[in-house]
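Following: one structure in structure tokens, then a few remarks.
The values are calculated or read from the model by the stated rules, or taken from the named source; none is laboratory data. Computed from a predicted model, the values in this text were never measured in an experiment. Cβ coordinates were reconstructed from backbone atoms using ideal geometry, including for glycine residues, and neighbour counts include every protein chain displayed. Areas reflect the complete protein model, heavy atoms only, side chains present, ligands, DNA and RNA absent. Shrake-Rupley method; radii C 1.70, N 1.55, O 1.52, S 1.80 Å.
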Amino acid sequence: MWTSTFLQTLDRVLSLQGLTDLFSVPMPSHVSRSPIAGFQAPAARARVRPWLWALPLVLALLLLGGVAAWLQVSDQRDLEERQRTLLGDALSLEQQLRKEIDFERERLSEIARQADTGRWTPARLAADADVSAGLRRRWVSLTWLDARGQVLLQVPDGAASTPERRGMTYHLSAPMNGGGSLLARYALQPLLTQQTPWWINRRYAVRMVDEFDETLAIAADATRARDGRVHRISFDPPVPGVWLELAEREAFVPWYRALPLPLLGAVLALLVWATALLARQVRHVERAQTAWRDEAAWRRAMEDSLSVGLRVRDAEGRLLHVNPRFVELTGYSETELLGKAPPMPYWHPEEMDEAWTRHHRNLAGHAPRAGYEARWRTQAGRDLWVMILEAPLIDAAGVQIGWMGSVVDITERKQAEELERRRNERLADQARLMTVGEIASSLAHELNQPLAAIASYNAGLQNALASLPGVPPRLREALQRQAEQAQHAGRIVQRIRAFLGRRAPQHEACDLVAITDSALALLRHDLRRHRVRLDVSHAATALPVHADPVLIEQVIINLLRNAADAQTEAISTPGAAAQTACLWVRTELADGQARVQVRDAGPGLGGRTLDELTAPFFSTKASGMGLGLAISRSIIEAHRGRLQAQDAAEGGACFSFSLPCADTAQAADAPHASTALQSTALHE
């Protein structure tokens, strides 16, 4: 680990670029970046802090101190763990030995109970199987004493003990009911040898000692560590004055004895030498950066003074550098732009496909030499037209490493071009309107003659039929209605001619509810033929207005026809014989204004505004001239009213217009005039 760290540090020392990365600090924003030298020139690096050359040495010393502290804590934990293990092993061995002695005591008591039954004699006791088993285990001898303490029998009789049973012995005593007792002499050495587990013998030197530290029994090899831990447990009772001792065979080795300290010292010496080299290199780098920083400041000052936006992209199209003018144009900060890959945040949402096409074309090296135009969307949501000129960015080795782009704001020029185009369109529309007005005036003039002739012939026919008997009443009614329609058509032609001739409308006191009913009556046949159902709701009271009833009637008829045409697809679907479209017509008093509302269930306005819908010659119908709504709006505004259009909440479009009431005070006095509606439905 130490060798690897040293080699890595030395490699950083020998690399000027790595040295600059390691010991640089942020520079001011006016000299922080450069579009050349790998898009991060050394001149744009920060000034090297003079004391940072000692940082590796300080960090190494801190690391060594931290490792030493950690190893010391680890050693302390290991010592505590070894102590706990020693205590546990000693207690476990003590319990094992005590359990074995308790077993021998129980066996001796059982032999004493059998002797109490009277079936044993001293001769038979010597030949008993339990006694023989005890002697084979650990008993040195078994003695039968009478009530006076005289020896009746001893097994074995005067025989010498085996070598493994020599040493300290312990006597077990079991009383007999006949007055006497059995004494078994018990050897400690075989007890300790047989009952000590192998893993304890491998880890500790186990022995029994007296209070004078004399060895009474040894479990195995008594080899013990010089500095190993020792633990003693009193074995009294059952053996008075005896201690059980466990001593570690291997001493604990501290961490500072295990590490190769000479090698560690050599590494530190190399690190000090490398730090000295690093300090000298830092001084060279600082002098070089002083010159680089001046050059970067000059280049940055030139960039900031440009009125053209500059951007640098790599071979994948990521932004690597932008100048302040580019940030000002897009509205995004330098932090938000740098490192950003396509799609760019300033690309226009409506031209994403075209933007991707331009992006792939430019990266392939096919950008137009004369530049190209693009529409961007700034962060504030404003459209921006720019002219972009791309040029390849070549490094010192002659390899293209990216693209340099110049961005020129041409929004004002595009706005001027658009304004000129709209001005020309308006001039063309005005010329067309003048032509249409002249044609409409000529038609109105020419239609007066046939309409007058129709009215004259109808009057003569009615006078001729008046003197004839047996004329069907339905024929008379049809002629009467024909005369009314001819007169109505004549009035419409006269009013439209007067309106187109810039003469003021012929205002008169009239009821807006009655005008609406008149318009509905004129369209009844057409609505029945197209299977359109009308849902009509009128205000509870009359809506008096001062207006030209013929022109207002034509406005209502135009709105109704447009609403019916908007549902053509629904009512003309093949096989939809039972289908009907529905139009909702409302008249009401709202905010002191008499209001008429026409709503359909068609596709709606499609996001268009009223100005777009009422523009001359604008029409959503293939056969429409685009003059109906324009003329209707002019009529309403000529009556000091207001035409409105919006998408209905239930679906479809809702057109309405409001006219000032002739007697607002009287209309306001009518109780609940604006809310009390009477609804009638005409099912055609």
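Okay, here's what the table says:
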{"item": "Segment 295-313 residues that are of a type in the set (Asp, Glu), paired with ones that are open to solvent by less than 40 Å² (accessible area, probe 1.4 Å) (beta carbon under 8 Å, 6 or more apart)", "result": "295/43; 303/310; 303/323; 304/323"}
{"item": "Spans of strands (runs of 3 or more DSSP E) in segment 163-253 with at least 2 residues among the hydroxyl-bearing types (Ser, Thr, Tyr)", "result": "169-176, 180-187"}
{"item": "Selection count, segment 320-335, where residues are part of a helix (DSSP H, G or I) and either in contact (Cβ under 8 Å) with a residue 24 or more places away in the chain or surrounded by 15 or more Cβ atoms within 10 Å (Cβ to Cβ) (or both)", "result": "7"}
{"item": "Checking residue 347 against (1) in contact with a helix residue (DSSP H, G or I) (Cβ under 7 Å, 6 or more places away or on another chain); (2) modelled with pLDDT under 90; (3) surrounded by 13 or more Cβ atoms within 10 Å (Cβ to Cβ); (4) farther than 15 Å from residue 403 by Cβ, the condition it does not meet", "result": "(2)"}
{"item": "Lone unmet requirement of (1) open to solvent by 50 Å² or more (accessible area, probe 1.4 Å); (2) touching a residue at least 24 places away in the same chain (Cβ under 8 Å); (3) over 30 Å from residue 106 (Cα atoms) for residue 221", "result": "(2)"}
{"item": "Residue that is open to solvent by less than 50 Å² (accessible area, probe 1.4 Å) and more than 60 Å from the chain's Cα centre (by Cα), where the choices are 245, 214", "result": "245"}
{"item": "Single residue of 521, 486, 514 found to be modelled with pLDDT of 80 or more and over 25 Å from residue 637 (Cβ atoms)", "result": "521"}
{"item": "Condition check for residue 315: surrounded by fewer than 16 Cβ atoms within 10 Å (Cβ to Cβ) and either modelled with pLDDT of 90 or more or not acidic (Asp, Glu) (or both)", "result": "yes"}
{"item": "Segment 188-218: number of residues that are out of contact with any Gly (no Cβ under 9 Å at 6 or more places or on another chain), in contact (Cβ under 8 Å) with a residue 12 or more places away in the chain and hydrophobic (A, V, I, L, M, F, W, C)", "result": "7"}
{"item": "Selection within segment 534-569 - charged (D, E, K, R) and either assigned to a helix (DSSP H, G or I) or open to solvent by less than 10 Å² (accessible area, probe 1.4 Å) (or both)", "result": "548, 553, 561, 565, 569"}
{"item": "Residue list for segment 505-532, filter: surrounded by fewer than 15 Cβ atoms within 10 Å (Cβ to Cβ) and touching a residue at least 60 places away in the same chain (Cβ under 8 Å)", "result": "509, 524, 528"}
{"item": "Any pair with Cβ under 7 angstrom, 6 or more apart, that starts in segment 388-402 at a residue that is touching a residue at least 24 places away in the same chain (Cβ under 8 Å) and ends at one that is among the hydroxyl-bearing types (Ser, Thr, Tyr) and exposed (fewer than 12 other Cβ atoms within 10 Å of the Cβ)", "result": "none"}
{"item": "Given (1) in contact with a Lys or Arg (Cβ under 8 Å, 6 or more places away or on another chain); (2) of a type in the set (Gly, Ala, Ser); (3) surrounded by fewer than 16 Cβ atoms within 10 Å (Cβ to Cβ), number of the condition residue 381 does not satisfy", "result": "(1)"}
{"item": "Residue under evaluation residue 202, criteria (1) open to solvent by 60 Å² or more (accessible area, probe 1.4 Å); (2) closer than 30 Å to residue 251 by Cα; (3) at pLDDT below 85, criterion not met", "result": "(3)"}
{"item": "Qualifying residue in segment 284-294 (condition: part of a helix (DSSP H, G or I) and more than 46 Å from the chain's Cα centre (by Cα))", "result": "yes"}
{"item": "For residue 339: the one exception among (1) under 46 Å from the mean Cα position of the chain (by Cα); (2) part of a helix (DSSP H, G or I)", "result": "(2)"}
{"item": "Search result, residues across segment 579-609 that are in contact with a helix residue (DSSP H, G or I) (Cβ under 8 Å, 6 or more places away or on another chain) and outside any strand (DSSP E or B)", "result": "579, 580, 592, 600, 601, 602, 605"}
{"item": "Lone unmet requirement of (1) out of contact with any helix residue (DSSP H, G or I) (no Cβ under 7 Å at 6 or more places or on another chain); (2) open to solvent by 40 Å² or more (accessible area, probe 1.4 Å) for residue 371", "result": "(2)"}
{"item": "Among (1) assigned to a helix (DSSP H, G or I); (2) modelled with pLDDT under 80 - the single one residue 118 does not satisfy", "result": "(1)"}
{"item": "Selection within segment 520-558 - of a type in the set (A, V, I, L, M) and within 21 Å of residue 642 (Cα to Cα)", "result": "539, 542, 543, 545, 547, 550, 551, 552, 555, 556, 557"}
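Conditions tested, residue by residue: (1) at pLDDT 85 or above; (2) in contact with a Cys (Cβ under 6 Å, 6 or more places away or on another chain); (3) under 18 Å from residue 187 (Cα atoms); (4) not β-branched (Val, Ile, Thr).
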| site | (1), (2), (3), (4) |
| --- | --- |
| 72 | yes, no, no, yes |
| 78 | yes, no, no, yes |
| 86 | yes, no, no, yes |
| 90 | yes, no, no, yes |
| 99 | yes, no, yes, yes |
| 103 | yes, no, yes, yes |
| 122 | no, no, no, yes |
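Per-residue answers, yes or no, for (1) in contact with a strand residue (DSSP E or B) (Cβ under 9 Å, 6 or more places away or on another chain); (2) open to solvent by less than 60 Å² (accessible area, probe 1.4 Å); (3) of a type in the set (A, V, I, L, M, F, W, C):
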residue	(1), (2), (3)
233	yes, yes, yes
249	yes, yes, no
253	no, no, yes
261	no, no, yes
271	no, yes, yes
275	no, yes, no
308	yes, yes, yes
